[in-house]
Amino acid sequence: MAYADLRDFIQALEKNKELVRIPFEVDPYLEITEFADRAVKSGGPALLFEKPKGSSYPVLINGFASERRMAIALEVDNFQETADRITEYLQMRMPEGLLGKLKMLPKLAEMGAFFPKIVNGGSCKEVIRKGADVNLKELPVLHCWPDDGGPFITVPMVFTKNPETGKRNCGMYRMQVFDERTTGMHWQTHKQGAEHYRRLQAEGKEAKMPVSVAIGSDPTAMFSAILPLPPDLDEMMIAGFLRSKPVEMVKCETNDIEVPANSEFVLEGYVTLGEKRREGPFGDHTGFYSLADDYPVFHVECVTHRKNPIYATTIVGPPPMEDYFMGKSIERIFLPLMRMQIPEIRDMAMPAEGIFHNLMLLSIRKSYPMQARKVMHAIWGLGQAMFTKVIVVVDEDVNVHDYSEVAWKALNNIDPQRDIEFALGPIDSLDHSSRMPNWGSKMGIDATRKWAGEGFTREWPEVLKMTPQVKQRVDELWKKAGLK
Ligand SMILES: Cc1cc2nc3c(=O)[nH]c(=O)nc-3n(C[C@H](O)[C@H](O)[C@H](O)COP(=O)(O)O)c2cc1C
Ligand SMILES: [Mn+2]
């Protein structure tokens, strides 16, 4: 059964003993960060701060911060279930004969459930506050790290519309609260919000871009906001797929954007085209501060919220943090989609230390010379995987989730001068080492076994392995010797 809203998810976390309530006062200025950081690093629970200092709204943090909690959020036992469901749809073909077509009907009906449904009202409008009555400072927005430029809303679902196609986009872009009614809008240049902004600016017809932001909704809608989807693929449809039930969307009070009707908070407003303001620094998910930079300004004209709303947030910082677990589930869920486009890929892993975009380990089934290089370039050309700074390609017999095995085999298999591929391309905006913001160099390491067809004429040795007979005999002797 799909979660009705954030509260429903909180209840599920509580029922599974995955949430602890903090009944006393804790300061959103740094203190909640320290709580959340310690909790995630020690495998601790989600936290619900019932009395954040300076606000009357409780704060939920770390709701997604473990594999178990991500599985509860997506209502699966493990992510393979979701990956398998995706594969099932990808393999769906036009059925033959009447019987085949009839068998297909339930699947088609299921697909109908994915599409968002527009409704006339929703709990997000239980309280409506406009104009001078809007005060973002009432929200328990975290000042996350000591040198941050201010308090940041960290899990906003930012809704915009593509001015050319009218299609909606939802991306999670942090928002620095500047004052009662304005925030930063940190959509990085490669993201869809920024693209909509550029297109509207190029049209030259409007001075303002409508934007609405939902904070706290059912967990699949929140999770969908971070998915690296192709432009114009509606995140809310994917949320509908994940929860097997349409996301109910309601039109905002002051603009034409729709938001999930069950949201805890909705901030409605606009971004003035051309207006920018210094945003940051911000203690980021790289574990470093991302530098202050100029970003658009979001003017909030209306805030609607539920009665007794719960403020959802996260912190990022030295890994692993909550976002690592969100990313890990994306890695698992998106593998079938990736394999559809790059079929030789067997498996992939993005270790926490690589912060998603810095390191991707790939195992492939190699069928022709230089295939590892082909795979690298395909990754660098694939949606947000374009940000990948270092790619290591190994043969299919290597378990990419065993980082020790990858390091051992890759380091043995490479002749660095021969096996490293450098390329230039777009780089994540948060990278502080690239020579210019937003682009730089990338490195691919071909750690596969080299073939004669690739110019390798020497013999390639096998990995050592004991014979099963000896293993079996020593199993018995081992016990006899009293060894454990
Ligand atoms: C907690 C969290 C915070 C994020 N903050 C930002 C951000 O400030 N700016 C940004 O461009 N992307 C940010 N992202 C990543 C985007 O949400 C992600 O790239 C998403 O796919 C963008 O959607 P889009 O392709 O529809 O633009 C964040 C992700 C997470 C999990
Ligand atoms: Mn998108």
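In table form, for the structure just shown:
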| read-out | value |
| --- | --- |
| Cα gyration tensor shape for segment 227-326, rounded if a/c is under 1.5, else prolate or oblate | oblate |
| Backbone HN-Hα couplings from phi across segment 122-137 [Karplus 6.51/-1.76/1.60, Hz, Gly and Pro as x] | x, 5, 5, 9, 4, 10, 10, 10, 10, x, 5, 7, 7, 9, 5, 6 |
| Segment 17-69: mean projected area of Cα convex hull, nm² | 3.4 nm² |
| Whole-number accessible area per residue in Å² for segment 1-121, which is evaluated in the context of all protein chains at 1.4 Å | 57 Å² |
| For segment 337-479, accessible area per residue (1.4 Å probe, heavy atoms of protein chains only), Å² | 57 Å² |
| For L142, residues with placed amide H under 5 Å, excluding near neighbours | F152 |
| 10 Å binning of all Cα-Cα separations within the chain, expressed as whole percents from 0 upward | 4, 18, 27, 25, 15, 8, 3, 1, 0 |
| Three-way shape call for segment 263-303 based on the alpha-carbon gyration tensor, with the a/c threshold at 1.5 | oblate |
| Length released on extending from F422 to W451, taking residue separation times 0.36 nm less the Cα-Cα span | 8.3 nm |
| Most to least packed among 463-469, 443-449, 213-219 [average Cβ atoms within 10 Å] | 213-219, 443-449, 463-469 |
| In order through segment 268-283: 3J(HN,Hα) via Karplus (6.51 cos²θ - 1.76 cosθ + 1.60), integer Hz, x for Gly, Pro | 10, x, 8, 10, 7, 5, x, 7, 9, 8, 4, 10, x, x, 9, x |
| Potential extension, H401-E275 segment - 0.36 nm per residue separation minus Cα distance | 40.9 nm |
| Prolate/oblate/rounded label for segment 219-276 (Cα gyration tensor, a/c 1.5) | oblate |
| Accessible area in the full protein assembly, largest first, 1.4 Å probe, for H401, H432, H357 | H432, H401, H357 |
| Accessible surface of the chain, 1.4 Å probe, proportion on carbon and sulfur as whole % | 55 percent |
| Amide H contacts under 5 Å for F64, placed H, 5+ residues apart | none |
| Stretch gain in nm, segment N162-Q469, where the contour uses 0.36 nm per residue and the Cα spacing is subtracted | 104.0 nm |
| Förster radius 41 Å - calculated FRET efficiency between E206 and K101 (Cβ-Cβ, nearest 0.05) | 0.30 |
| Per-residue [θ]222 nm for the chain (sum of -39500 (n - 2.57) over DSSP H runs n ≥ 4, rounded to 500) | -9000 deg cm²/dmol |
| In range of the label at E81: residues from segment 211-231 whose backbone nitrogen is under 19 Å from the point 7 Å along Cα→Cβ | 218-224 |
| Probe 1.4 Å, all protein chains present, accessible-area order of E164, E275, largest first | E164, E275 |
| Theoretical FRET efficiency, 1/(1+(r/R0)^6), r = Cβ-Cβ of A352 and D415, R0 35 Å, to 0.05 | 0.75 |
| Segment 414-423 - phi-based ³J(HN,Hα) in whole Hz, Karplus 6.51/-1.76/1.60, Gly and Pro as x | 9, 10, x, 4, 7, 9, 9, 10, 9, 8 |
| Loop sites in segment 227-317: trypsin sites (Lys or Arg not before Pro), DSSP, at most 16 other Cβ within 10 Å | K307 |
| Where segment 155-205 is the region considered: accessible area per residue in Å², 1.4 Å probe | 36 Å² |
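The values are calculated or read from the model by the stated rules, or taken from the named source; none is laboratory data. Note that the structure is predicted; figures quoted are calculated from it, not measured. Reconstructed Cβ throughout: ideal geometry from the backbone, glycine too, with neighbour counts over all protein chains shown. Calculation scope for accessible area: heavy atoms of the full protein, side chains included, ligands and nucleic acids excluded. Shrake-Rupley method; radii C 1.70, N 1.55, O 1.52, S 1.80 Å.
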